[in-house]
Structure formats: structure tokens, C-alpha cells
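Working notes, structure below.
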């Protein structure tokens, strides 16, 4: 059986990714050595090159050598990469001096995702990512049509095997004949040899023998409109990311940046309003507005053309303007559902829904998700989103939570904020920072309001088969919908001070790859915490299940 190589565009695509990963050291060196590099370049253009000039560009030269060597190693690795199917196992080989072989049993495939960066989109290529609950294989830069066809073939092999196994079990249980058993064995052998990756090493000659899964009937589709996309960007908090990048750059290159024009603007505004502080505030608002606009634009670019489609037992998601991401999520692998809102979205009635999956290698930094949470509905009206999720995951109840945090727990919510407030005020007094009192006071008030919000929003709901827990962050709210049979661990905890006030913390863990996804309820009524645990016990007793030892303890 022939082994397949990567598409030639992978060399250019890898160069693009390579330069993107090295952009920070390149920018730093250009800023720190700009005058020396420019001086040496002018001399070279004038034909005045000498050995002494080499000292002026030694650092950039060494960096260029290191980057070139690393990229050459990457090119060799791409050239030696092979992938193929053998005995119902997808095999991926790579390496320069030693060969690293990854093998994935097709029957254990959880999902197959297709991603495209800007170079791959131009060349109609793609990166295929195959994931299982334990590992993943990434086949970089193959033709898009080949990636889609390979995705279809692998999923058909997996589904066909499941179908044959089911028929075989039915035959064993019911009345069977030797003829039927032989037929099942023949079908199994036929499935094992039906899908081939043999033939020419070029993926142009891939034979698609079956109807692609992407052309199957779409049970439901949802597409994010441009209006919602813009509104999503304006309420996403991307402004924080943008401001972090800007302030980091300012701190790094403060000696190289001319801040003179900024102070001139402050003076102009000060003369207009007659106050230095008003000038600073106005300039800050202008800068925040610029950051807000750029943050919104970045969000629109990332989630452009966000589409969610349901085909059978799989949910297909695609999004991205420059970096196109396409992934499929098997409903059977969903461990829990996670709803998230910030204060702005709650005010306008919008929310987002995520699912928690079991594959820890499925996501990376280029994706829209954190850890093992995959975004399904990124921005939608709450009622509409609940209806859609109910239709997608019919075995979930999506019960509304009941608030259960008493006011006597308030001091526990503001304890650390108060400690920080006292220390910060002491620092301001010691250094005679009059303006610091105002800043610390405002931040403390914001912290208190956030904790009041936490108290009023946190809660839980007990369903017949499901536990719902609402937790909060800094003016954000998240609700976990977890089926009892998916819970790995349920803990109740307290301390001396909590016992005096009859409070308990509740922690619930569900599977999420090698780690876990946690749902927490802090400082709840002790009776409510015990009710959650007792209800969970009764569920397993009624179902006849065996509880894990960590849940009993």
C-alpha cells in the first residue's frame, strides 16, 4: 500500500507559520538594532562593505542563521512525512534523524477537523486533524478536496464498523444461522479493504467511492449574521486583549517610542478644558475607542461566516476569514453543556453555548475555545439558543437555576478584596499618592459590586437526570448543565468559619480529556449542598449504578 506525501504548498504554509512564530524576536531585534542595520545596509549599497561592519549586524546575522537552520530542518521533516491506512489503522510518520510514528485506530476516532490558514486558503489546501480521546494526528497542507474526501472515508469506515458490530450482536443474541455469520464476517472484511489510500503518491488520484458526508442531509443549520457578528465583537471583551498587547509593546519599546506628540495632545486638551486631568481622561477615552474598534474588527475577522450544521449524530462548525477552521463534534462525546454570558450580553439578552468534550488534543491556540470547551452557538438570544440546544441534545433538561447564596456569606466574598484594599491604601499613604486613593477606592467599589452580582446570580437546579450549576466571575455568569451519569467526582467542602455560618462549597468534575472540567458553587447553604449530594445518590441507586469511591467519600 502506497504512502502519501504532503502537498508542495506545505513548504510555503510552514514558512508563513514559522515567520509568525518568530515575529516577536524579529521585531525586537529590528527595534534594538535598527540604526546599525540601516547604516550597514547603506554602506553595502554604496559598495563600502568591510569586515568591521560585521560587528554592527552580528546579532541579526546570528538570528537569521538560526532561523534558516530551523526552517531547513522543517523542510526536511515535511519532505519525509508520510501518512497512510493499514489494517484499519491511520498511520502518520515524520521525523528527520529518527522516525516518529503515530497510529490511530479508526474505530476510536472521535472527530476529524479541517483547518486552513491564509496561505492554504489561497492554494485550496487544508490541514486535517484527526482526534481521539487520547491523542491527535495533524496532517498539514494537503489538498482541500482530498482532505474532505479522506474525512468522509474515515468516518464511513468508523460508522460501517459500528453498524456491522451491531448486526453481529443482534445475530448472536437472536436466532442465527451459519450463513448469516459468514455474511457478517464477509462484510467486515469488505469494509476493511474497501477504503484505500493506495495508488499514486499524489492526492490528485484519490478515489471517492461513496457519497461525501458533507453532502448528506442537513438536519439543522445556524449562521451568524453580520449584524450579530458586529454586536458579538462589540461585547466580546476583545478590547482587553488589544489593550494588553498595546501596553506590553509600550512597556517593551518605551525607550524607542517618541511620546512627545501624546503630551502635546494632552496640553492642547488641557488648554481647551482648563484641567490636566480632563486632558488625560479624554485622551484615554479616545485610545479606548480606538482599541474597541480594532478589537471588534479582530473578532469579526476571527469568526467571519460562522456556520453550525447538524448532520445525523455530528455537529459541523466552520468559521474564519483568513484562518478557516472546520471541525465536527460527535454528540455522543459531549460530557456537558456550558452557557456563558458577560454583563453586557446579559443586559441585551444574548448568550453563548459551549459543549465539553473528552478529547484534550482537539483544540489549540488558533481555535475559539479554551481547554476542552467547544463553542457551538457563539452569540444568540438566550431563549432561541435554549430551544436550539434542546433540539440538538434532547436528553438534556436545561432547568433554570435557583439562587442559593445567603447574605451571611457576603463577608466571605469580599474578604480578599478588603485585604488588598487595606494594603493598597497603606501604600498610597506611605508614598503620598493622592490620586492613588481615588483609583484604589473605585476598584474596591467595583470589586464589591462584582461580588454582590456573584451572590445574586449563583445557584443550582436539580432535574431528574441533570444537575445545573451557575457560577460567576468578574461581571460574568456561566451555567453548567451536567447529566448525573457523566459526573466523575462530586465534592462538598467547608472549614471552621463556614460551618459556623452553615455554608458549604460544591465542586463537580466531568471528563475533559486527560484533565477535567469543573463546575463550582461557593458558599452555598449547607442544606442545599447536601440536597445536591443526596439527589445524586438517589439517582444512582434508582439506576442501579455503582458510584465511584471519590463520590461516596
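Readers should treat all values here as calculations from the given coordinates under stated rules, not as data from a laboratory. Only a predicted model underlies this, so the values are computations on that prediction, with no experimental measurement involved. Cβ sites come from the backbone with ideal geometry, for glycine too, and all protein chains shown count toward neighbours.
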### Message
Going by average Cβ density within 10 Å per residue, which order do the peptides 124-130, 283-289, 480-486 take, highest to lowest?
### Response
124-130, 480-486, 283-289
### Message
For a quick check: sort 7, 395, 535 by the number of other beta carbons within 10 angstrom, fewest at the front.
### Response
395, 535, 7
### Query
Where the centroid of each part is defined by its Cα atoms, how far is the range 366-444 from the range 66-99 in Å?
45
### Task
Starting from the Kirkwood radius over alpha-carbon pairs of the range 407-455, derive D by Stokes-Einstein at 37 °C in a medium of 0.692 mPa s and give it in µm² s⁻¹.
289
### Task
Specify the inter-centroid distance of the range 297-342 and the range 116-130, based on alpha-carbon positions, in whole Å.
17
### Query
Using the beta-carbon distance between residue 515 and residue 395 and R0 = 30 Å, what value does 1/(1 + (r/R0)^6) give for FRET efficiency, to the nearest 0.05?
0.75
### Query
How much FRET efficiency would the formula 1/(1 + (r/R0)^6) give for residue 272 and residue 293, where r is the Cβ-Cβ distance and R0 is 25 Å, rounded to 0.05?
0.60
### Query
What ranking do 414-423, 83-92 get when scored by the average of other Cβ atoms within 10 Å per residue, highest first?
83-92, 414-423
#### Entry: Those residues of the range 281-302 whose amide nitrogen sits under 20 Å from the label point placed on residue 265, 7 Å along Cα→Cβ
281-298
### Mean Cβ neighbour count within 10 Å, used as a protection proxy, ranking 436-445, 451-460 highest first
451-460, 436-445
### Separation of the residue 283 and residue 446 label points, Cα + 7 Å toward Cβ, nm
2.0
